[in-house]
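A quick write-up on the structure given underneath.
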Amino acid sequence: MVGAGWGLQFLQAGLLHHAFGGYVAVLQDDRGWNKTELSVAAALQQMESAILGPLLGWIMDRFGPQGVIRFGVLMLGGGFMLLSQIDSLLGFYGAFIIIALGSSMCGFFPINVALINWFERSRARALSSLSLGFAMGGLFVTVVGWSLVEFGWRTTAFASGVTALVLGTPLAMVMRRRPEDIGETVDGVPHPPASVAAVEPSASATRDFTAREALRTPAFWLLALGHGFALFVVGAVNVHAIAHMKEALGFTVSGAAFVITLVMVFQIAGVMIGWAIGDRYDKRLIAAACMLMHGTGLLSLTYATATPWLIAFAALHGTGWGLRGPFMHALRADYFGRSAIGMILGLSFMIIVIGQVGGPLIAGVMADVTGTYRAGFTVLALLACLGSMFFVLAKRPVPPLRSEP
C-alpha cells in the first residue's frame, strides 16, 4: 500500500504539481496569456478540490478509496492528452479542470485516507514514506522542463498523459480499503486476547469523532487554517517560482527547474527527518516551526541577489515542506480517529482552499500590477509566518465518550 501510494505521488509530483510552473512560463511566451489568467487554472484546481472534498470524503468513508483512486488515474491521463490539443484559454481551463479532477481523485487526499486506515502507531512514518514519493517526483521536474523546451508543451502534455495511464493504472489496482477486509490488522500488530481487551477500560470508554463532532472542536479549525496558510507559499512557489527566476534573475526555464529540483532534494531530507521523529515528538510544534521556514525561505527567493540566497530558499522551503506535509493528515487522524477521517479531511479542504487558491492568485495579480513578484511573495511569506500560531494553539481535543449500552 505504501509503495503503490509512493508511486502515484511520484507521478503526480513529476508530471503536474512541480511541473505546472514550467507550463506557466512556456505558455506565457507561446500563447501570450498573462500571469493572472494562468493563475486561474491553479485556482480552479484547488476550488474543485474544496467543492468535491466533502463528497469524496463521504464516498471513501462509505465505500473505500480504491475505486476513487482508480478512476482518478484515468481522468488524470485523459486530461493531459486533452491539454495537448487545446488552442484557447477556455480550452486550457477545461482541460485543466479534468486534470484537477483526476489529481484530486488519485492524489494526496484519497491515498492518505487509505493509509490512515492501515496504520496507527506508525502513522507518521507511513505518511512520511508516502510523501517521499511526492518529494522525489519533484526531481523529475528537470526532465519535464527539458522536454518543454526541446519538444514543446503539446508533446510534453501528451506524453505525460500516456505515462500517467501506463504507470498509474497498475499502482491504483494495489490499493485496498481496510486491513480487516483481507484478514490483516492495523500496523500488522496481532489483536490482543479477549481477556486482555476486557480489562482495558480506556479502549472502550471513548470512541472516534464523527465529522459533526470534529467540526465543533477548535482543533479542527486551527489545523485547517494552519494548513491553509502553509499553502499560500507552496501554491505560489509551484505556480510562479520558475517564472520569477526567469524574469527577475535571468534564468532559463531549464535552469529555474533545476532550482526547483534542489527544493525537492531538501524536501526529501525533510521527509526523512519526519520519518524518524514524527511518532516521537509533538507534531503540531514541529509544524509551527516549519511555517517559519516556509516564510523565511520565500523571502530568500524574493530578494535573492546571488546563488547562496537560492540555496537558502531551497533548504528552508524544501525541508519545511517535507517535514510538515505528512503531519497535516497524521495530526487529524491522531486527534479525531479513523472512523470518519475521509469526511473530516474533505471538510478541511473547504478551509485549506484559502491558501491553495490565494497563494497563486495573490502572487499573479500583484505581479501583473507591479511588474514583479516581490510584493506578492513578501505578503505571502508574512502570512505563512503568522500561520505558525495556529499550530501552536491547536491542542488535542478530548475524545467523545462511548454511549452506554
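Each value in this text was obtained by applying a stated rule to the coordinates, not by laboratory testing. Keep in mind it's a predicted model, so treat the numbers as computed, not measured. Here the Cβ positions follow ideal geometry from the backbone for every residue, glycine too, while neighbour counts run over all protein chains shown.
Using a cut-off of 19 Å between alpha-carbon atoms, which aspartates and glutamates can reach Lys35, once sequence neighbours fewer than 8 places away in the same chain are excluded?
The qualifying aspartates and glutamates are Asp87, Glu247, Asp368.
Say the dipole of the chain comes from +1 at the beta carbon of Lys and Arg and -1 at that of Asp and Glu; which of Asn112, Phe20, Pro360 then lies farthest toward its positive end?
Asn112
How do 295-305, 232-242 rank on mean C-beta neighbours within 10 Å, highest first?
On the way: 295-305: 20.6, 232-242: 27.6.
The densest-packed peptide leads the list: 232-242, 295-305.
Once you have the Cα-Cα distance between Arg31 and Arg374, take 0.36 nm times their residue separation minus that, and quote the gain in nm to one decimal.
So the extension gain works out to 121.0 nm.
Taking the number of other C-beta atoms within 10 Å as the exposure measure, put Val144, Val259 in order starting with the fewest.
Fewest-to-most Cβ neighbours within 10 Å comes out as Val259, Val144.
When the chain is treated as a GNM, springs tying every alpha-carbon pair under 10 Å, which of Leu393, Leu331, Leu223 comes out with the largest mean-square fluctuation?
Leu393
So what's the back-of-envelope 222 nm ellipticity for the chain, counting only DSSP H runs of four-plus at -39500 (n - 2.57) apiece and dividing by all residues, rounded to 500?
Helices in the chain give a 222 nm mean residue ellipticity of -26000 deg cm²/dmol.
Report the charge-dipole magnitude of the chain in Debye, nearest 20, computed about the Cα centre from +1 at each Lys and Arg Cβ and -1 at each Asp and Glu Cβ. Before the final figure, lay out each step's value.
Values: 25 positive and 21 negative charges, 123 e Å.
The dipole of the chain has a size of about 600 debye.
Which net charge results for the neighbourhood of Gly226, defined as the other residues with beta-carbon distances under 15 angstrom from its beta-carbon, given Lys and Arg at +1 and Asp and Glu at -1? Kindly include the intermediate steps, with their values, before the conclusion.
Values: positive: Lys283, Arg284, Arg324, Arg332, Lys395, Arg396; negative: Asp282, Asp334.
Charge balance near Gly226 sits at +4.
Net charge near Arg324: determine it from the other residues with C-beta under 11 Å of the C-beta of Arg324, scoring Lys and Arg +1 and Asp and Glu -1. Could you put the intermediate results ahead of the total?
Details: positive: Lys283, Arg284; negative: none.
Residues near Arg324 contribute +2 overall.
What order do you get for 19-27, 90-98 when each peptide is scored by the mean count of other beta carbon atoms within 10 Å, highest first? Mind showing how you got there, number by number?
Values: 19-27: 25.0, 90-98: 17.2.
Put in order of decreasing packing, that is 19-27, 90-98.
Mind ranking 11-17, 375-381 by how tightly packed they are, going by the mean number of other C-beta atoms within 10 angstrom, highest first?
For the peptides 11-17, 375-381, the packing ranking is 11-17, 375-381.
Measuring from centroid to centroid over Cα atoms, what is the spacing of segment 137-173 and segment 247-294 in Å?
About 23 Å separates the Cα centre of segment 137-173 from the one of segment 247-294.
To make sure I understand the rule: partners must be lysines, Cα under 28 Å from the Cα of Lys283, and not fewer than 8 residues away in the same chain. Which ones qualify?
Straight-distance partners of Lys283: Lys395.
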